[in-house]
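The values are calculated or read from the model by the stated rules, or taken from the named source; none is laboratory data. Since this is a predicted model, take the numbers as computed values, not measurements. For neighbour counting, all protein chains shown are included, and Cβ atoms are generated from backbone atoms with ideal geometry for every residue, glycine included.
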Amino acid sequence: MDHAATTPMAPEVVDAMQTSFVEIFGNASSLHSIGGEARDALEESRAKVARILGAEPGEVYFTSGGTESDNMAIKGVTLKNHDRGKHIITTSIEHPAILEPCRYLESLGFNVTYLPVTSEGIVDLEDLNSAIRDDTILISIMHANNEIGTIQPIAEAGQMAKEMGIVFHTDAVQSVGKIPTNVNDLNVDLLSISAHKLHGPKGVGALYIRNGTEIEPQTHGGGHEGGLRPGTENVPGIVGLATAAELAHANRSQDMARLAEMRDWLADFVLDNVDDSWINGHPSKRLPINLNLGFGFLEGEALLLYLDTKGIAVSTGSACSSKKTEASHVLTAIGLKPEEAHGSLRITLGKENTMDEVVFVAQTILESAEKLRAMSPIR
């Protein structure tokens, strides 16, 4: 129940990667036939990812994952276009892979506006419009939040950026394979992907860069990936990413409808049976797999550990920051008090989950809440 953190690799992905490891082991930059086989696998994978995004193959650049893709987009665009301006707009609930590059750029003299969100975690488009300045060169708003699952109005924000001549990026790490992510429908110039969020391997991702969007390379070396991401390509990992993305895209409607139905049943059960419980984020404009619950008079970490003893894996926030002691920046941004934020639980379903498992999780949450509250001095 923690698929937003990572997912098990699909058997088809393992098979495709095994073939690539054993039979297509060449360097894709080599001129001989063994290298050519690797190059063919690389370009076939690029074309698969491009088709899923509604992009051209030449607009897809492979990376080591979502964090590198985000850094490549944020730093690459701003450093390339600093002569046009030094203002960036993002939101207060972005992943650290966006927030930390923005803080780094602030140390270089760039100015960053961090847009607030509503109590349901959605960016107000009027706030975005008001934040745009003559020197704004980049807007980055995540497609769907990794903690509360809230889906942002990316198409509308992207259209606003397009009309103003501002480069627009979205972190779609959580949304690819779960909701539509056609780059033209979303009006984005850059879009980040990570394989291990959609039943692919860890350590590989991609960045979509619309033709004509100029960015500064963040690493330097050979001419791989159009010179934007030098280094010998991880062909087996890239094959895994393309296979996983293709499977997720093909099965998305059926899988997500089933998972959303189970998610909604779980939400209703908890809200009906556990006192002082609520949903964090928008009740409907959220990823089909995501349920972020809040509990009064409970510590999310205690709930997590109790559920873990029953064989249930959940999270109290994003996996990248779940070991930190401070309250989630996402939950405090939507107006929760620190003690309320600490009482949160993120449940994210995957395609192999069953209704029997969801019922077991629901009953275990009820059991754990009753036991932990009985021991709580605050309660």
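For LYS310, indicate whether it is at pLDDT 95 or above, under 16 Å from MET1 (Cα atoms) and of a type in the set (Lys, Arg).
On the way: at pLDDT 95 or above: yes; under 16 Å from MET1 (Cα atoms): yes; of a type in the set (Lys, Arg): yes.
It is true that LYS310 is at pLDDT 95 or above, under 16 Å from MET1 (Cα atoms) and of a type in the set (Lys, Arg).
What about THR170, is it within 30 Å of MET1 (Cβ to Cβ), in a strand (DSSP E or B), in the same structural domain as SER64 (by TED's automatic domain parsing) and polar (S, T, N, Q)?
For THR170, the condition - within 30 Å of MET1 (Cβ to Cβ), in a strand (DSSP E or B), in the same structural domain as SER64 (by TED's automatic domain parsing) and polar (S, T, N, Q) - is met.
Taking the range 271-290 as the region of interest, how many residues are crowded, with 17+ Cβ neighbours inside 10 Å and more than 14 Å from GLY343 (Cα to Cα)?
Residues in the range 271-290 being crowded, with 17+ Cβ neighbours inside 10 Å and more than 14 Å from GLY343 (Cα to Cα): 7 in total.
Tell me which of these VAL361 doesn't satisfy, since it passes every other one: (1) at pLDDT below 95; (2) hydrophobic (A, V, I, L, M, F, W, C); (3) closer than 29 Å to ALA257 by Cβ.
Of the numbered conditions (1) at pLDDT below 95; (2) hydrophobic (A, V, I, L, M, F, W, C); (3) closer than 29 Å to ALA257 by Cβ, the odd one out for VAL361 is (1).
Return yes when THR67 is of a type in the set (S, T, N, Q) and either under 30 Å from ASN145 (Cα atoms) or crowded, with 23+ Cβ neighbours inside 10 Å (or both) and no when it is not.
yes
Taking the range 281-300 on its own, how many of its residues are of a type outside the set (A, V, I, L, M, F, W, C), over 14 Å from SER175 (Cβ atoms) and assigned to a strand (DSSP E or B)?
So the answer is 2.
If a residue has to be hydrophobic (A, V, I, L, M, F, W, C) and either surrounded by fewer than 17 Cβ atoms within 10 Å (Cβ to Cβ) or more than 25 Å from LYS178 (Cβ to Cβ) (or both) to count, how many in the range 117-145 make the cut?
Matching residues across the range 117-145 total 5.
When you go through HIS32, HIS3, HIS82 one by one, which is the residue that is over 18 Å from LEU247 (Cβ atoms), surrounded by 15 or more Cβ atoms within 10 Å (Cβ to Cβ) and not aliphatic (A, V, I, L, M)?
The unique qualifying residue is HIS82.
LEU259 passes all but one of (1) assigned to a helix (DSSP H, G or I); (2) surrounded by fewer than 21 Cβ atoms within 10 Å (Cβ to Cβ); which number fails?
The failed condition is (2).
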